[in-house]
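Comments concern the structure below.
The values are calculated or read from the model by the stated rules, or taken from the named source; none is laboratory data. All of these numbers come straight from a predicted model, not from anything done at the bench. Ideal geometry is used to build each Cβ from the backbone, glycine not excepted, and the neighbour counts take in all protein chains shown. SASA here: full protein model, heavy atoms, side chains in, ligands and nucleic acids out. Shrake-Rupley method; radii C 1.70, N 1.55, O 1.52, S 1.80 Å.
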Amino acid sequence: MTSELDGIFDTFNQNGIFKNKFIFQTNYQPNEILHREEQIKQIALILAPVLRGERTSNLFLYGKTGTGKTLSIQYVRDELLKRLKKDVPFKLKIEYLNCKLKKVSDTEYRILAELIKKMGGEVPITGLPTEAVYNKFIDIIDSEKQLIVLILDEIDQATKKISSDFLYNLTRLNSELSKTQICIVGISNDLTFLDELDPRVRSSLSEEEIVFPPYNAMQLQDILKKRSLEGFKEEVVQEGVIAKTAAFAAREHGDARRALDLLRIAGELAERDNSDKILLKHIDEANNKIEKDKILDVIKTEPKQFQFVLYSIIKLSERKKQEPIFTGDIYNLYQDICIQNKSEVLTQRRVSDIIQEFDMLGIINVKVISKGRGGRMREIKLAIGKGVIDKAKEIIRDSLNY
Ligand SMILES: Nc1ncnc2c1ncn2[C@@H]1O[C@H](COP(=O)(O)OP(=O)(O)OP(=O)(O)O)[C@@H](O)[C@H]1O
Ligand SMILES: [Mg+2]
């Protein structure tokens with residue numbers, strides 16, 4: 001609620017582009033979900049029996065990021081709860097949990113603790129053996145006869161950090177429960193997630209599967225138009241802006257979140273420009289800004305050895321000004337840096353792989369030039385602007401104490 005009010009007050013305080021900025025925030029629930037009728041209907045058909053107190057199949061939703069999975073499942077959950085009659089002779093709980101918990105080492109423990117909390121119980125934040133927390137979880141859900149739908153969003157995050165035993169145990173819960181019945185809705189944007197699971201867990205988790213395909217440019221336009229009407233003042237969007245935003249996001253991978261972010265940032269840039277309209281150039285600028293932030297994010301999360309290699313490239317580029325730099329030079333400087341930092345030195349082959357990865361991420365450009373007699377050299381140039389380079393240096397120095 002506070003953020004909603006912030007949105008309203010912020011925007012009434014100025015004569016800018018936005019009517020209500022909250023409309024563009026991630027936690028805003030649009031009142032209509034466009035182009036997901038089919039998926040929503042399928043989810044509803046599968047889950048509808050819970051209204052009669054019957055357990056349903058486990059359900060698995062997958063699709064790339066920003067394709068409306070979270071939005072759709074939350075919508076169906078709300079609609080189900082609205083329709084649950086007051087006088088039914090059974091108890092139904094539909095609990096949603098996002099498994100992407102920040103900065104926790106013991107994810108399984110935390111997930112169980114969160115679930116226990118949702119069921120009205122309590123466990124200390126740390127301290128108990130996971131086994132004990134698991135038993136407590138069983139006790140609390142089995143304390144009375146009830147039907148539980150457990151929605152585990154970004155479920156791939158849970159197994160990346162812990163063993164897949166956790167999921168195995170979850171899928172076998174029903175055999176351990178005597179009064180309660182449970183069905184699991186798993187959600188993931190990692191399309192390979194299911195393939196990598198133990199076949200028993202996989203078949204149990206995905207008794208039913210629903211795919212969320214990427215949005216195409218036309219669909220993104222519809223979503224953007226609707227949101228613009230609610231969030232922007234009248235006639236502040238230059239002709240062609242929506243189409244361009246949608247085209248950018250469709251090229252990425254049909255990500256509605258990306259599309260909405262682009263439009264919001266373009267609006268902010270237009271305001272900063274004192275422009276009374278969002279212009280096409282603001283979309284370009286917003287796109288650059290998002291790209292920049294993405295690259296910095298990658299750099300932040302890269303392992304130490306990657307950061308050493310990048311730091312070497314940056315240092316060499318600064319020394320050599322416009323001249324090209326070569327893999328050999330990078331490797332030499334990289335070795336010095338490793339030694340100074342008392343860190344392991346990777347082989348030249350490995351460093352070459354890392355350089356290639358930077359190329360793929362768009363951080364550098366690599367040009368292969370032939371040197372006669374089959375010899376080849378790789379000429380390397382930084383592909384990021386000065387602002388990003390300075391930020392990157394700061395990030396690397398911070399994380400390496402350099
Ligand atoms: N069909 C739609 N209509 C309106 N808004 C949408 C639609 N689909 C997605 N959005 C908006 O796009 C953003 C991303 O949607 P959502 O969070 O549901 O994606 P997701 O598939 O769960 O992505 P991730 O895999 O990254 O969690 C949200 O702000 C949501 O409101
Ligand atoms: Mg989601």
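For Glu38, state whether it is under 18 Å from Leu220 (Cβ atoms) and more than 15 Å from ligand 2 (Cβ to nearest atom).
Answer is yes for this residue.
Of everything in the range 182-221, what is away from ligand 2 (no atom under 16 Å from the Cβ), open to solvent by 60 Å² or more (accessible area, probe 1.4 Å) and over 25 Å from Ile148 (Cα atoms)? Give them in sequence order.
Thr192, Asp195, Glu196, Asn216, Met218
For the range 317-366, name all the residues that are in contact with a strand residue (DSSP E or B) (Cβ under 8 Å, 6 or more places away or on another chain) and touching a residue at least 40 places away in the same chain (Cβ under 8 Å).
The answer is Ser317, Pro324, Ile325, Phe326, Thr327, Ile330, Ile355, Phe358, Ile363, Ile364.
Which one of these does Gly66 not meet: (1) small (Gly, Ala, Ser); (2) within 23 Å of the chain's Cα centre (by Cα); (3) closer than 18 Å to Ile151 by Cβ?
Failed condition: (3).
Do the conditions hold for Ala392, that is, is it aliphatic (A, V, I, L, M), within 17 Å of Glu323 (Cβ to Cβ) and open to solvent by less than 80 Å² (accessible area, probe 1.4 Å)?
Against the criterion (aliphatic (A, V, I, L, M), within 17 Å of Glu323 (Cβ to Cβ) and open to solvent by less than 80 Å² (accessible area, probe 1.4 Å)), Ala392 does not qualify.
Select from the range 107-166 the residues that are over 22 Å from Leu205 (Cα atoms) and of a type in the set (Lys, Arg) and write down the one among them that is surrounded by the most Cβ atoms within 10 Å (Cβ to Cβ).
In this case the residue turns out to be Lys136.
Quick one: would you say Tyr96 is out of contact with any Leu (no Cβ under 9 Å at 6 or more places or on another chain), under 19 Å from Asn189 (Cα atoms) and of a type outside the set (A, V, I, L, M, F, W, C)?
The answer is no for Tyr96.
Residue by residue, here is whether (1) hydrophobic (A, V, I, L, M, F, W, C); (2) on the phi > 0 side of the Ramachandran plot; (3) part of a helix (DSSP H, G or I) holds:
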| position | (1), (2), (3) |
| --- | --- |
| Gln335 | no, no, yes |
| Arg349 | no, no, yes |
| Ile354 | yes, no, yes |
| Asp359 | no, no, yes |
| Ile369 | yes, no, no |
| Gly374 | no, yes, no |
| Ile389 | yes, no, yes |
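With the structure loaded, tell me whether Leu229 is away from ligand 1 (no atom under 12 Å from the Cβ), open to solvent by 60 Å² or more (accessible area, probe 1.4 Å) and either within 30 Å of Arg172 (Cβ to Cβ) or assigned to a helix (DSSP H, G or I) (or both) or whether it fails that test.
In short, yes.
Would you be able to say whether some residue in the range 151-168 is more than 16 Å from ligand 2 (Cβ to nearest atom) and within 19 Å of Ile94 (Cβ to Cβ)?
The answer is no; no qualifying residue exists.
Residues of the range 361-388 being within 30 Å of Lys342 (Cβ to Cβ) and open to solvent by 30 Å² or more (accessible area, probe 1.4 Å), which ones?
Residues satisfying the conditions are Leu361, Val366, Arg378, Leu382.
Just name the residue that is farthest from Glu154 (Cα to Cα) out of those in the range 43-94 that are open to solvent by 50 Å² or more (accessible area, probe 1.4 Å) and acidic (Asp, Glu).
Asp87
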